[in-house]
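A quick write-up on the structure given underneath.
The values are calculated or read from the model by the stated rules, or taken from the named source; none is laboratory data. Keep in mind the model is a prediction, meaning the values are calculated, not measured. Because the Cβ atoms are built from the backbone with ideal geometry, glycine has one as well, and the counts that use them run over all protein chains shown. When the accessible area is computed, the model is the full protein with side chains, heavy atoms only, and any ligands, DNA or RNA have been set aside. Shrake-Rupley method; radii C 1.70, N 1.55, O 1.52, S 1.80 Å.
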Amino acid sequence: MRKFDLTKEEWYKQRDDRTLRVEGVKGFDHFSLGIVVDPLNAKQYPSQVAALVCVNIMSRWCKKISIQPIDQKSVLPNSTGADFSKLLLDTMENSDPYGNFQLKSFNQTDVDLIIHVGGTSTPIEKSIVVNGSGWIAGISNSAPLISLSNDDTNPIGPSFAACLACAYAFNVAISKSYPVALTKWYSLLDFSAGDSPNSVNPALDNGFHFGKILQVGCGAVGSSLDYLISLMKLNADLSIADFDSVEPPNCCSSLSFTADDSVTTPLTKKVDVCDRVLKSSGVIAKVFPDPFTGDIYSAVKPDLILCLANEQAVWPAIQYNYPPLVYHATTTPNWGINFGRHIPTEEWCIVCRFGITDYKFKPVCSTAVVEVEEKKILGVLPFLSPSAAVMTLAEVLKLSRDNYPVNQNFYQFSFKNLPGAEFIGQQKERRPDCEVCSTQSADFYPKLLGNSKYFHLLGPWPVAHSQTCSDGKSGEKSSRYFSSGK
Ligand SMILES: [Zn+2]
């Protein structure tokens, strides 16, 4: 084995710390997985995305994984032409230098759970099949999945299928029981769920340019988002900002951070890892190794801000700058993820969501906060941050759709009980007593954001904004922005 600076015991103690902080989580140390990528689909983009994301997340908690060897070359933008089996093995070994990861044939008695990625085989006992393409993701432990047409533009469905597989496997590992019959399909395009795939599954418009995107935060969600971006062709001017560095506990839930990244001297900046991951597929981002400030905002003049930082001062700092379209995503202690959208003046703002914070503040998402040595350590399950990243990227990609916004502005999803798991949506309105946006005049927006790419989402100007936007009554206006009833 290659040289690694931490002993096996010390590495797992630190790496699994946040996973083990989640209530009810224990006893996954000896769980073993077998992964089979369907041979007929293994050369196709959706199966390769699903397989790579799946082994990446799995290797951040499961210490024994066997992969059925596949004789295929990678078709993924970050690794085109590489031996795909070797790519899967390298990905796992980079996540966990002490894992027992092998490319070898196995049978049902060798492992605790078999995951079939892609294909239409019928799952046998102690196995599941997952499939995804375009916006669609499916999982079953009891029936063959319908074949999907091959969409090589969009990593969303395959990535979410991988997250579903990981949540299923993690649940089996800690509960030592296998769920009842489960067959579920999801669309990340309209957040629908059902027992068959949604037939609406359009390819992405590769000619669309998404404008200037500022990603604030390169932690578990942000770095996972950049990993997903490296698996596709995203036309955008991307900027990334974070002051923090990678440490072993960060390696449990990020698709990007390797074990080696977490033990360097001096420490490796999270933003530099994200930069490296993006460059692997040719994306050159502007890099800011600093906390978010108005200076970064001014330097980037973003069309879209992705607020993926946990630091509480970030929320008002963004909102005080009269931001353009903002998305946020968070994870919860109870197997859940949240996603929110903020169209200026039309919808709740980022401070309506999180409030002005001080040390006593507790976010409405009730993220598990455990006081240890005056530092707040968050408990999080390995698949939650990648899943929150999938939801965030899905919303970004929807900007290319004529009918944007396709959906409501706040969604929650819980992986706790997969047979009943659905996206729960709400349209959140502005808070009349919001400390920031209630004091901000709509009159400034045309001057500040008139040239930004998504300014039209604020509605016709100034007709829809003849009153000041501080009255908090935006329900009538915002209701036209999504089709309800899905
Ligand atoms: Zn507000």
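Å³ per residue of the Cα convex hull, for the stretch 12-194?
So the per-residue Cα hull volume is 118 Å³.
The spacing between the stretch 190-229 and the stretch 71-143, judged by their C-alpha centroids, is 22 Å. Beyond 23 Å in Cα-Cα separation lie the following of the pairs Lys73/Lys212; Lys13/Lys64; Lys86/Lys269; Lys73/Lys104: Lys73/Lys212; Lys86/Lys269. A Cβ-based charge dipole, computed about the Cα centre of the chain with Lys and Arg at +1 and Asp and Glu at -1, lands at about 360 debye. Based on the reciprocal of the average 1/r between different C-alpha atoms, the Kirkwood radius for the stretch 212-426 equals 17.5 Å.
Select from Val283, Phe243, Leu189 the residue farthest towards the positive end of the dipole of the chain; place +1 on Cβ of Lys and Arg, -1 on Cβ of Asp and Glu, and compute about the Cα centre. Of the listed residues, the answer is Leu189.
Across the stretch 184-198, coupling constants 3J(HN,Hα) worked out from phi with the 6.51/-1.76/1.60 Karplus curve, θ = phi - 60°, read 9, 10, 10, 10, 7, 6, 10, 6, 8, 9, x, 8, 9, x, 4 Hz, and Gly and Pro carry x.
Pairwise Cα separations in the stretch 134-228 fall into 5 Å bins from 0 onward with the following percentages, short to long: 2, 11, 17, 20, 18, 15, 9, 5, 2, 0. When the charge dipole of the chain is built from unit charges on Cβ atoms (+1 for Lys and Arg, -1 for Asp and Glu) and taken about the Cα centre, the candidate among Cys54, His116, Ala259 whose Cα reaches farthest toward its positive end is His116.
A simple packing score, the average count of other Cβ atoms within 10 Å per residue, orders the peptides 43-50, 387-394, 272-279, 412-419 as 387-394, 43-50, 272-279, 412-419, with the highest score first.
For the stretch 1-61, the Cβ-based charge dipole about the Cα centre amounts to some 160 debye (Lys, Arg positive; Asp, Glu negative; other atoms uncharged). Starting from 0 in steps of 20 Å, tell me what percent of the Cα-Cα pairs of the chain lands in each bin. Bins of 20 Å from zero give 25, 58, 16, 0 percent of pairs. Per-peptide packing, taken as the mean over residues of other Cβ atoms within 10 Å, places 201-210, 84-93 in the sequence 84-93, 201-210 from highest down.
Share of carbon and sulfur in the accessible area of the chain stands at 51%, probe radius 1.4 Å. Packing order of peptides 161-172, 217-228, 107-118, highest average first: 217-228, 161-172, 107-118 (average count of other Cβ atoms within 10 Å over each peptide's residues).
Which net charge results when you count Lys and Arg as +1 and Asp and Glu as -1 among the other residues whose beta-carbon is under 9 Å from that of Arg353? Charge balance in the 9 Å sphere: +2.
Under 5 Å from the amide H of Gly134 lie the amide H atoms of Asp151, Asn154, Gly157, each residue being 5 or more positions distant or on a separate chain, with H modelled from the backbone and absent for Pro and chain starts. Based on DSSP H segments of at least four residues, each scored -39500 (n - 2.57), the chain has a per-residue ellipticity at 222 nm of -7000 deg cm²/dmol.
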